[in-house]
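For reference, the structure discussed in these notes is given below.
The values are calculated or read from the model by the stated rules, or taken from the named source; none is laboratory data. Please read these numbers as outputs of a predicted model, since none were measured by experiment. Here Cβ is always computed from backbone atoms with ideal geometry, including for glycine, and neighbour counts include all displayed protein chains. Quick note on the areas: whole protein, heavy atoms, side chains included, nothing else; ligands and nucleic acids left out. Shrake-Rupley method; radii C 1.70, N 1.55, O 1.52, S 1.80 Å.
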Amino acid sequence: MEDKSPSLLTSEVVCDELPNGIKVLVKQVYPARVANFGVWVRVGAVNETDRVAGISHFIEHMLFKGTEKRPVGQIAKEIHGCGGYTNAFTDYECTCYWVVLPSKYLDVALDIHIDAFLHSTFDEVELQKECQVILEELKMYQDRPDAYSFEKLMTLAYKKHPYGRPIIGSEQTLRQMTRKDLLEYLHEHYYAENMFITLIGDIEPTRAIRKIKNAFKGIPRKTVQRTPLPVEPAQTEFRKERLSGDIARSYLNMAFHVPEATHEDLHALKVLATILGEGRSSRLSQTLREKEQLVDYAQAGVFAQQHPGFFYLSFMLEELNMEKVENGAWREIKKLQDQLVLPDELLKAQNMTESDYIFSQETVEGQGRNLGNYEMLGDYSLGEKLIKKIFAVTPHDIQRAAQKYFTRNNCSEIEYRRAEN
Amino acid sequence: MILIQENHSTPIVSMCAYFKGGIRHENQSQNGITNFTQKVLLKGTEQFNAEEFAFRTEAIGSSMVTFTDKDAFGAHTSVLSKHLEQAFELFLDAIFHPTFPTEEAEKERQMILAEIEEGRDEIYSLCLELCDKTLFKDHPYRLPIKGEPETLSALGRDDLVGWHQKWYHPNNLIFSIVGDVQAERIAEKAFNYFEKIPKGKLPKFVAPTENIHGKREGAIELEKRQLAIALGFLAPPAADDSRFTFEVLNGVLSGMGSRLFIELRDKKGLAYSVGSRYEPVLDYGIMKTFMGTAANQEKAAKEGLIEELMKLRDFDVQEEELLRTKRFLVGLYEIGRQKNYTQAMRYARYEMLGLGWRVANLYPKKIESVEVGQIRELAVRYLDPENFSCAVVRPVKSSLEVSPSKT
């Protein structure tokens, strides 16, 4: 990490805890006149039951849909009026509500968020309308073959663990969701010890923390015994599913189970993903796109969260090249298992990872997202530590990881083919 | 023209090479040539072949991105300042010393053809592209950036080399650098580099006059579950005095606190995606409002969009809403300023438009000076209910019941 840029370092973060147990991470970034404020709730799609699949995301939509004193649309209007914008996202393990706006309007952001958390009305009529909005969102994803086939890949790879269930839910579960369901779920999961706050920007930390303490004191404490999630049994045989539809190009997605984000092997796997499928110079791009001209794109990545995740390969291609691409992917995997990566290729992957991390820190939004995502894994400074560990990865680590995880029995594959008319 | 701004808050440098050109200077028979040329730029320089170039660029943690717009084209890259020396040479060599290998050009042609085909699966961008095609009858703004399969197939290596010779001149370039650099040092380096490249004579261009008469409609049917609709209007061109006022008008309609979002999504539940986009380009500005909705809501969606547009003609925006919108736009500008890349692109664009790079820093003042009555005046002038284009990408009936099947 560059020593001359303290604004990027997590050592500058001031960490505090409110009396009710909400953890607060605040970082002053001088040059920016804007601030990013985020409230992170440790609840997401993994905490749902099959009956209410999609409820975490539904609540995310409803929470900014009107409070006792702010009618529909008022929250976004107020944030606009401050020169900022607000949004939220739901992931498998968390739901995050965030705003970015000029730092001087921090008080407005605090007032709006606490109002939404404590006084949202969940009006019955609004709920029905928002259900339609979410159904449109669902259809939008289904119309995108890359997103659709990736969702199917997760469902194929996870038979027991809830990573196999789409975050957005299904048309059936969404239509059945009641106001009572939403409120019960909200009360079960939205409590102080299950939340933390991130604030990055041109703000003085002590003053900001005082304001946050004052605003969020009303969030209730609760002692909750978390139900352990079902453990995904080790995959013992190759899985493959073929889909077809009226799509323009075809898609091939492959997944290999790997450990959770904090596992030591993840560093080598991250470097492996870069070597295999990040950028034009990656092995899959060079062989399957540039030399053999079999794919439109080839990508690799690691889905790494709190529970065991997966390493994935994604290709867009012409339907008739499906088998050749699959064979080509396995050929490249075998090379990594048989031969050590050369030092310059390893250094390239390490430099790419370092740059990506620093680029992601350029804005207060990016810094907020990084702090929150790593705090979800138990340590907000993990990003910096990971970069150091990435530079410690050796060619032998990469070979070992390739041999350990890239086995046929650990692989799930989705082919989404363009249907013959 | 070289523009440099030091910003040492992060160890990041962004470089942007911005040229006047793009779709505005293409015609039907060679449509797609700018984008095609741009793609092959990265496929080999006098010093490195395509593979070496990709490796060297990524080995310093950078990536070079080319772009083609309606009135401009160029490239940008961001890099950690410790790698700037290498990035500088690689970036400019790709732009000024490409070799356009025949084999690489053929590969890229196939890739672009695949991208065009893939575009059928992106109904929003497909609909917005159809909206341009429907809005303009004569002006090249009607042409798609990537071209059409027939035009691409007719373009050969010589065409790309010729296009490069025609447009890629230092006297057509705005080179902007923002970030962790020493301005004097990088300026000297840039001057030395450009000194060796000959100036060129740029083609003259007279924009065809476009008059919208009546309502124009375009539609595509696809096996999709959603329907996308876009309404297109001519708007003030980029260098027009009223351009910033029109940005405020568009701001009233775009974003989560806007009229379209609150009225059509929040209150009516018609859509997940809804918004408005103003493209201030050189000869004509373009305004498009759009929505993704259910197949059976086409009429409600179109009426809803038109109703919101017409309110801007019929009534003055209230002071409170105007103030809110102005603050929103200025806020977005400030948020964007955090990125060196955004700032580098802004400087270059305003300079290319002839407004001067300083306007990038005057944006808040320009927006803040807009007054209530000016918005309605522009709405009356541009948002004509009898003269606009409507593009729709609708699902064929069968796709509404059938989702992708297992085989």
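One residue alone among A:128, A:132 is without any contact (Cβ under 8 Å) to a residue 24 or more places away in the chain and either touching a Cys at 6+ places or on another chain (Cβ under 7 Å) or more than 30 Å from residue B:125 (Cβ to Cβ) (or both), and that residue is A:128. Residue B:233: within 30 Å of residue B:373 (Cβ to Cβ), of a type in the set (A, V, I, L, M, F, W, C) and surrounded by 20 or more Cβ atoms within 10 Å (Cβ to Cβ), yes or no? Judged against the criteria, residue B:233 is a match. Which strands (runs of 3 or more DSSP E) sit wholly inside the range B:1-97 and have at least 3 residues that are touching a residue at least 60 places away in the same chain (Cβ under 8 Å), crowded, with 20+ Cβ neighbours inside 10 Å and within 14 Å of chain A (Cβ to nearest Cβ)? Strands (runs of 3 or more DSSP E) meeting the threshold: B:12-20, B:72-80. All but one of (1) more than 19 Å from the chain's Cα centre (by Cα); (2) under 27 Å from residue A:370 (Cβ atoms); (3) assigned to a helix (DSSP H, G or I) hold for residue A:130, so report the exception by its number. The number of the failed condition is (2).
Look at residue A:272 and say whether it is over 27 Å from residue A:396 (Cβ atoms), more than 11 Å from chain B (Cβ to nearest Cβ) and either within 25 Å of the chain's Cα centre (by Cα) or open to solvent by 20 Å² or more (accessible area, probe 1.4 Å) (or both). Against the criterion (over 27 Å from residue A:396 (Cβ atoms), more than 11 Å from chain B (Cβ to nearest Cβ) and either within 25 Å of the chain's Cα centre (by Cα) or open to solvent by 20 Å² or more (accessible area, probe 1.4 Å) (or both)), residue A:272 does not qualify.
When B:233, B:191 are checked against the criterion of being more than 14 Å from chain A (Cβ to nearest Cβ) and closer than 30 Å to residue B:271 by Cα, a single residue qualifies: B:233.
Scanning the range A:92-117 for residues that are open to solvent by 40 Å² or more (accessible area, probe 1.4 Å) and among the charged types (D, E, K, R) yields A:104, A:107, A:111. Within the range A:118-150, being open to solvent by 60 Å² or more (accessible area, probe 1.4 Å), touching a helix residue (DSSP H, G or I) at 6+ places or on another chain (Cβ under 7 Å) and either closer than 17 Å to residue A:165 by Cα or more than 8 Å from chain B (Cβ to nearest Cβ) (or both) holds for A:124, A:141. Scanning the range A:177-227 for residues that are in contact with an Asp or Glu (Cβ under 6 Å, 6 or more places away or on another chain) and more than 30 Å from residue A:362 (Cα to Cα) gives a single hit, A:179. Residues considered: B:300, B:294. Of these, the only one that is farther than 22 Å from residue B:23 by Cβ, at pLDDT below 95 and surrounded by fewer than 22 Cβ atoms within 10 Å (Cβ to Cβ) is B:294.
In the range B:98-124, of all residues being hydroxyl-bearing (Ser, Thr, Tyr) and touching a strand residue (DSSP E or B) at 6+ places or on another chain (Cβ under 9 Å), the one that is nearest to the other protein chains (Cβ to nearest Cβ) corresponds to B:124. If the condition is being of a type in the set (Lys, Arg) and not in a strand (DSSP E or B), then the range A:228-259 contributes only A:249.
Does residue A:242 meet the test of being open to solvent by 70 Å² or more (accessible area, probe 1.4 Å) and over 30 Å from residue A:387 (Cα atoms)? When the stated conditions are applied, residue A:242 passes them.
Against the numbered list (1) in contact (Cβ under 8 Å) with a residue 12 or more places away in the chain; (2) assigned to a helix (DSSP H, G or I); (3) not β-branched (Val, Ile, Thr), residue B:118 comes up short only at (1).
Residue A:356 meets the stated requirement of being modelled with pLDDT of 95 or more and over 22 Å from residue A:406 (Cα atoms).
Among the residues of the range A:73-91, those that are touching a residue at least 40 places away in the same chain (Cβ under 8 Å) and either at the interface with another protein chain (Cβ under 9 Å from one of its Cβ atoms) or surrounded by fewer than 21 Cβ atoms within 10 Å (Cβ to Cβ) (or both) comprise A:75, A:84, A:91.
Is one or more of the residues making up the range A:251-271 at pLDDT below 95 and of a type in the set (Lys, Arg)? No, the range A:251-271 contains no residue that is at pLDDT below 95 and of a type in the set (Lys, Arg). Answer yes or no: is there a residue in the range B:212-222 that is within 14 Å of another protein chain (Cβ to nearest Cβ) and open to solvent by 20 Å² or more (accessible area, probe 1.4 Å). Yes, the conditions are met somewhere in the range B:212-222.
Checked against (1) at the interface with chain A (Cβ under 7 Å from one of its Cβ atoms); (2) modelled with pLDDT under 95, residue B:339 passes all but a single condition, namely (2). Number of residues in the range B:105-130 that are open to solvent by 20 Å² or more (accessible area, probe 1.4 Å) and under 11 Å from residue B:36 (Cα atoms) equals 4.
Of the strands (runs of 3 or more DSSP E) lying entirely inside the range A:1-72, the ones with 1 or more residues being open to solvent by less than 10 Å² (accessible area, probe 1.4 Å) and modelled with pLDDT of 95 or more are found at A:23-28, A:34-41.
Here is a list: B:145, B:112, B:95. Which entry is at pLDDT 95 or above, aliphatic (A, V, I, L, M) and closer than 24 Å to residue A:288 by Cβ? Criteria check complete, one pass: B:112.
Taking the conditions (1) in contact with a His (Cβ under 9 Å, 6 or more places away or on another chain); (2) assigned to a loop (DSSP other than H, G, I, E, B) in turn, residue A:293 satisfies each one other than (1).
Can you tell me which residue within the range B:191-209, out of those that are surrounded by 14 or more Cβ atoms within 10 Å (Cβ to Cβ) and not hydrophobic (A, V, I, L, M, F, W, C), is farthest from residue B:234 (Cα to Cα)? Checking each candidate, the answer is B:193. Among the residues of the range B:306-327, is there at least one that is out of contact with any helix residue (DSSP H, G or I) (no Cβ under 9 Å at 6 or more places or on another chain) and surrounded by fewer than 23 Cβ atoms within 10 Å (Cβ to Cβ)? Yes, that holds for at least one residue.
Annotation note: of B:145, B:186, B:116, the sole residue that is out of contact with any Leu (no Cβ under 7 Å at 6 or more places or on another chain) and within 24 Å of residue B:79 (Cα to Cα) is B:186. Residues that are closer than 20 Å to residue A:135 by Cβ and more than 14 Å from every other protein chain (Cβ to nearest Cβ) within the range B:272-301 comprise just one, B:299.
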